[in-house]
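See below for the structure under consideration.
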């Protein structure tokens, strides 16, 4: 019974007493030492493989974020009026998410979605539409409304690449990746269902998209744009968001946003 328990606990072999066969004893010890050596070598190789996986994962992660940075720079090169817009939207979105007590994974999603939400504008004519001074025609507005879907289509192959978001606090399955893409796809939906592209309403809109909508609108209103002479002041933009709570924006998230504004956590110079 003791021998069986010892083997279950990891013993290589056992020898019964009294020891009569010295040659058998020495052979058993040699085998045990060889077994131990092989076990240590196997453990060392396992650690080597784990280190290689960590290095490979870091390489993939760095490559992924370099691709993100390049995409953001590409849209900023195309649309001079939105320089640093995506970065600021990401920062504000994450601040709101942290105020809500969202998980680290959800904050990562907000950060990525904030940086990439306007990438679809790469496919929008800049001189005729993006840089147009004055209001857009109905036809031009319909073209602008295609940018969330364009963003989704551009980013989907990158997000489908296995390893792109794995080991970045996100699940290895596709759920977290799909949620990030859906935040981007639906950041122009309205709480009253009058937004685009799918006319989602209320809680049908992904939580991250409801957060991003507020951050995006605030940042756009307080930044220079070709269709207005001057950007809105911080106070004017906050009042506009407050007025549209329950229609354009989720009223509960607006309350949290206003709390951040009251504490000067979110404030732009006039």
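No value in this document is a laboratory result; all are computed from the given coordinates. Because the structure is predicted, anything quoted here is derived from the model rather than measured. We place every Cβ from the backbone using ideal geometry, glycine too, and count neighbours over all the protein chains shown.
Structure notes:
- Here residue 39 and residue 61 are evaluated by their C-beta separation; at R0 = 45 Å the FRET efficiency comes out at 0.85.
- Residue separation of residue 25 and residue 141 scaled by 0.36 nm, minus their Cα-Cα distance, works out to 33.0 nm of gained length.
- Calculated FRET efficiency, residue 227 to residue 192, Cβ-Cβ distance, R0 = 25 Å: about 0.60 to the nearest 0.05.
- Candidates 196, 218, 45: whichever shows maximal mean-square fluctuation once the chain is modelled as a Gaussian network with Cα springs under 10 Å: 45
- When the Gaussian network model of the chain links Cα atoms closer than 10 Å, the mean-square fluctuations of 217, 137, 103 top out at 137.
- For the chain, the longest principal axis of the alpha carbon atoms and the long axis of helix 104-116 meet at an angle near 50°.
- Of (1) 7, 32, 38, 20, 3, 0; (2) 6, 23, 27, 14, 7, 6, 7, 6, 3, 1, 0; (3) 7, 29, 33, 21, 9, 2, 0, the label for P(r) over Cα pairs in 10 Å bins from 0, in percent derived from the coordinates: (2)
- Against the main long axis of the alpha-carbon atoms of the chain, helix 175-185 sits at an angle near 10°.
- Choice from 76, 126, 41 with maximal GNM fluctuation in the chain (Cα, 10 Å cutoff): 41
- Computed from the Cβ-Cβ distance with R0 of 45 Å, the FRET efficiency linking residue 154 to residue 32 stands at 0.15.
- Distance (nanometres) between label positions extended 7 Å along Cα→Cβ at residue 240 and residue 51: 5.6
- Label point distance in nm, residue 103-residue 264, each placed 7 Å from Cα along Cα→Cβ: 3.6
- Once the Cα atoms are used to define both axes, helix 207-221 deviates from the longest principal axis of the chain by about 40 degrees.
- Only Cα pairs under 8 Å and 6+ residues apart enter the sum, and on that basis the relative contact order of the stretch 40-262 stands at 20 percent.
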